[in-house]
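Trainee: Can you read through this structure? Questions will come right after.
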Amino acid sequence: MEQTRELRVHVKAVGERDGRPYVILGTRTRWVPIFVGESEARAIGMVTRPDSYEQAVTEEGETRPMTADLVLAVADVAGLEVEKLVVTEVRSRVFMGELHLSDNGGTAVLDCRPSDGIAVALRARAPIYVTELVMQQASTSREAAERWLAQAPGREDASG
């Protein structure tokens, strides 16, 4: 089986378990749980479940951008488009990612934390992929993940 093959995934859930925020990416049958930072979980949840996450607002009622919004604004000013996010590997239980940006002349691939890349890709409506290698190393069955989620307080199902 080719380990560099990319599988299209969707955000299946965002939440917190035992004080640790997580996001779950998955296909119909295999899911990959990734523990993330609190602000990254919030940035992802603001897109997947906007009714469940409040955005920072000034006293004047102005919403403040998250880091992912800033990345998209910089990309826009630079004339770049977010093509995709790829979760490429797991090293010492740390997930690695690549954010692919393009312009008229080519593609740039940026190293990123998958949690930041997910937040950017969701805002850009760009696809998210996981390599076959990551699926082999870190995925679980949908059924096992759903059992784990059923025990997780603060669970937020995502659309996808």
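Computed from the coordinates by the stated procedures, all read-outs in this text should not be read as laboratory data. Quick caveat, the model's predicted, so the values are computed rather than measured. Note that we place each Cβ from the backbone using ideal geometry, even for glycine, and neighbour counts take in every protein chain shown.
Trainee: Can you give me the relative contact order of the chain as a percent, contacts being Cα pairs under 8 Å and 6 or more apart?
Mentor: Over the chain, the number comes to 32 percent.
Trainee: Another question about this same structure. Pop a pseudo-label 7 angstrom from the Cα along the beta-carbon direction at both Glu62 and Val109 and give the gap in nm to one decimal.
Mentor: Rounded to a tenth, the inter-label distance reads 4.0 nm.
Trainee: ³J(HN,Hα) across the stretch 140-145 via Karplus (A = 6.51, B = -1.76, C = 1.60, θ = phi - 60°), whole Hz, x for Gly/Pro?
Mentor: So the J values, rounded to whole Hz, are 9, 5, 4, 4, 5, 5.
Trainee: Placing +1 at every Lys and Arg Cβ and -1 at every Asp and Glu Cβ, with all other atoms neutral, what dipole size does the chain have around its Cα centre, in debye to the nearest 20?
Mentor: Values: 19 positive and 25 negative charges, 156 e Å.
It works out to roughly 760 debye.
Trainee: Put +1 on the Cβ of each Lys and Arg and -1 on the Cβ of each Asp and Glu in the chain; which of Pro127, Thr63, Leu25 then has its Cα farthest toward the positive end of the dipole?
Mentor: After comparing all options, I get Leu25.
Trainee: Find the Rg to Rh ratio for the stretch 61-144, where Rh is the Kirkwood radius over alpha-carbon pairs and Rg uses the same atoms.
Mentor: Rg divided by Rh gives 1.05.
Trainee: Another question about this same structure. From the backbone phi of the stretch 66-75, what are the Karplus-calculated ³J(HN,Hα) couplings (6.51 cos²θ - 1.76 cosθ + 1.60, θ = phi - 60°) in whole Hz, Gly and Pro given as x?
Mentor: 7, 4, 4, 5, 5, 4, 5, 5, 5, 4
Trainee: Right, something else. Residues of the stretch 68-95 with backbone nitrogen within less than 19 Å of a virtual label 7 Å along the Cα-to-Cβ line of Glu38, please, listed as ranges.
Mentor: Backbone N within reach: 68.
Trainee: Something else now. Choose one of Ala78, Gln151, Gly37: the residue whose Cα lies farthest towards the positive end of the charge dipole of the chain (beta-carbon charges +1 Lys, Arg; -1 Asp, Glu; about the Cα centre).
Mentor: Value computed over the given set: Gln151.
Trainee: Then there's this: Multiply the residue separation of Met96 and Ala144 by 0.36 nm, subtract the distance between their alpha-carbon atoms, and state the gained length in nm to one decimal. Don't jump to the answer; show the numbers that get you there.
Mentor: Numbers: separation 48, 0.36 × 48 = 17.28 nm, distance 2.35 nm.
Here the answer is 14.9 nm.
Trainee: If you average 1/r across every pair of different Cα atoms in the stretch 6-157 and take the reciprocal, what Kirkwood value do you get, in Å? Walk me through the intermediate numbers first.
Mentor: Details: mean 1/r = 0.0626 Å⁻¹.
Here the Kirkwood hydrodynamic radius works out to 16.0 Å.
Trainee: Could you give me the ³J(HN,Hα) list for the stretch 104-120, computed from phi with Karplus coefficients 6.51, -1.76, 1.60 and θ = phi - 60°, whole Hz, x at Gly and Pro?
Mentor: 4, x, x, 10, 10, 10, 10, 5, 8, 6, x, 4, 5, x, 4, 4, 5
Trainee: With n ≥ 4 as the cut-off for DSSP H runs, can you work out [θ] at 222 nm for the chain, using -39500 (n - 2.57) per run divided by the number of residues, rounded to the nearest 500?
Mentor: Details: 5 runs with 49 residues, N = 160.
Helices in the chain give a 222 nm mean residue ellipticity of -9000 deg cm²/dmol.
Trainee: While we're on this one: Specify the inter-centroid distance of the stretch 65-121 and the stretch 1-32, based on alpha-carbon positions, in whole Å.
Mentor: 17
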